[in-house]
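Report on the structure given below.
The values are calculated or read from the model by the stated rules, or taken from the named source; none is laboratory data. All of these numbers come straight from a predicted model, not from anything done at the bench. Every residue, glycine among them, receives a Cβ derived from its backbone with ideal geometry; neighbour counts consider all protein chains shown. Quick note on the areas: whole protein, heavy atoms, side chains included, nothing else; ligands and nucleic acids left out. Shrake-Rupley method; radii C 1.70, N 1.55, O 1.52, S 1.80 Å.
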Amino acid sequence: MLLFMPTIVFSEEDCVRNHANELALMGTKAMIVTGKHSSRANGSLNDVEEALKSQNVSYVIFDDIEENPSVETVVKARDMGIKEKVDFIIGIGGGSPLDASKAIALLIANPDKDETVLYENIPLGYIPLACVPTTCGTGSEVTPYSILTLHKQRTKRSISHKIYPQVALIDGKYLKTADRSCIVNTAVDALAHLIESYLNTNSNELNRIYSREGLMMWGQLKDKLIEDKITKADYTKLMHVSMVAGMAITHTGTSLSHGLSYMITYEMGVPHGKAVGMYLGGYVSIYKDSKEACEVLSLLGFESQEAFSDYLDKILGDTEVSKEILEKNAESILSNESKLKNYPFSITKEEILSMKK
Ligand code: NAP
Ligand code: ZN
């Protein structure tokens, strides 16, 4: 059993400004990597800029990261970073900018290599990275994963390298601009991380300290989420659940629901958390160790598998998926060894198809 969680986490109101010195310790010129709008609206970009100015650290901004970021966008940011001679990165936003930041940090540290190295199993370094999350789902501020869109393959895939952020600065106040669907979809993503980590080939009593804690906290928020009664006071809790869920999958990886979500997102544009959530009730119900599946439901406070699936249907709403996509997706996951190996039992195409009602 092994725990390895190297990211320094600061989690408190105003932590970006309070820990400006941590950013200054990371390098001499930063590249801020963010999306097109939200970090301006929720104040996170301004906080980071003020923090850098207070420490006399210069910076440039790349604010063109799209949802489900592509390798092409990462390359554009890499070119800017090399031209501007930046020596560290600050990712701000949801999982998309944070994941992109990791791949950019790797490519900037290896200017003699092109983007094909992202998917090669060779040891490579990366420049330091700090992350400021503004959604409550991916936990990317603490995970080593970076999931990019591969247009040529018409899907998304995790890059081959593990890139740990050096610092995570977590402040729930940035959720104030997130609408209900953003909060719900990303909270369901965190739930999927907790469940797929607990019910996973790589889970053990040591790394379940993360998933247990997260499942209990998610259970305490579930009624507020479905009744749309999330208040400012809950933002910190949502961010905390997302972070521990990230720590959980850092140790185990994700499993079938995540593997099945990528084609749904690529082909239909369904947001990540919603696409994963479509398969989550099914994942618990087909899981062959029913004792462990019951432990998950009990930590969350659901009386039965049916009650859990009904809850997910209600909170996410229905999404019609064509038979053709469902079939193609099931066939493709059966050849996705990296996701199959995290599911500890054998599985058939029929069982996979039964996961999505
Ligand atoms: P996202 O794709 O980063 O952002 C979704 C949308 O929410 C964007 O339009 C964004 O706007 C907006 N947004 C972000 N923060 C906001 C805020 N505080 N208020 C209002 N709007 C806000 O969403 P995400 O679900 O967090 O990330 C999904 C990505 O993360 C996927 O690519 C997924 O594969 C990946 N992921 C990574 C891991 C990991 O371990 N690394 C785990 C799970 C998922 P802007 O574009 O203007 O910023
Ligand atoms: Zn996820």
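Descriptive notes on the structure:
- Cα long-axis angle, helix 95-109 against the chain (0 to 90 degrees, to the nearest 10): 50
- When each of the peptides 181-188, 54-61 is scored by how many other beta carbons lie within 10 Å of its residues on average, the order from highest to lowest is 181-188, 54-61.
- Cut-off under 5 Å, modelled amide H: who pairs with residue 201 long-range: 343
- Overall form of the stretch 1-118 per C-alpha gyration tensor (a/c, 1.5; a/b vs b/c): rounded
- Solvent-accessible area per residue, Å², over the chain with all protein chains present [probe radius 1.4 Å]: 41
- Computed [θ] at 222 nm, helices only, for the chain once each DSSP H run of length n ≥ 4 contributes -39500 (n - 2.57): -15000 deg cm²/dmol
- Residues of type lysines that residue 224 reaches as a straight line, Cα spacing below 24 Å, ignoring anything fewer than 8 places off in the same chain: 173, 176, 232, 237, 274, 314
- For residue 8, the residues whose modelled amide H falls within less than 5 Å of its own, excluding neighbours fewer than 5 places apart on the same chain, are 167, 168.
- Cα gyration tensor shape of the stretch 245-343, rounded if a/c is under 1.5, else prolate or oblate by comparing a/b with b/c: oblate
- Here the accessible area of the stretch 1-135 is 51 percent carbon and sulfur, with a 1.4 angstrom probe and all protein chains present.
- Helix axis angle, 290-300 relative to the chain longest principal axis, alpha carbon, degrees: 60
- For GluC sites (Glu not before Pro), the sites in the stretch 182-255 that DSSP calls loop and that have at most 10 other Cβ atoms within 10 Å are 205, 227.
- Taking the protein heavy atoms of the stretch 163-223 in the context of the full set of protein chains, the accessible area attributed to carbon and sulfur is 52 percent at 1.4 Å.
- Placing +1 on the Cβ of every Lys and Arg and -1 on the Cβ of every Asp and Glu, with no other charges, gives the chain a dipole of roughly 300 debye about its Cα centre.
- Compared with the dominant principal axis of the Cα atoms in the chain, helix 232-252 is inclined by about 80°.
- In loop segments of the stretch 183-288 as defined by DSSP, the trypsin sites (Lys or Arg not before Pro) with at most 15 further C-beta atoms inside 10 Å of their C-beta are 229, 288.
- Gap separating the Cα centres of the stretch 51-117 and the stretch 194-249, nearest whole Å: 29
- Each of 278, 80 has its accessible area taken with a 1.4 Å probe; listed largest first, they run 80, 278.
- Electrostatic dipole magnitude of the stretch 41-90 [Cβ: Lys, Arg +1; Asp, Glu -1; Cα centre; debye, to 20]: 260
- The local environment of residue 73, defined by Cβ-Cβ distances under 14 Å, has a net charge of -3 under the rule Lys, Arg +1 and Asp, Glu -1.
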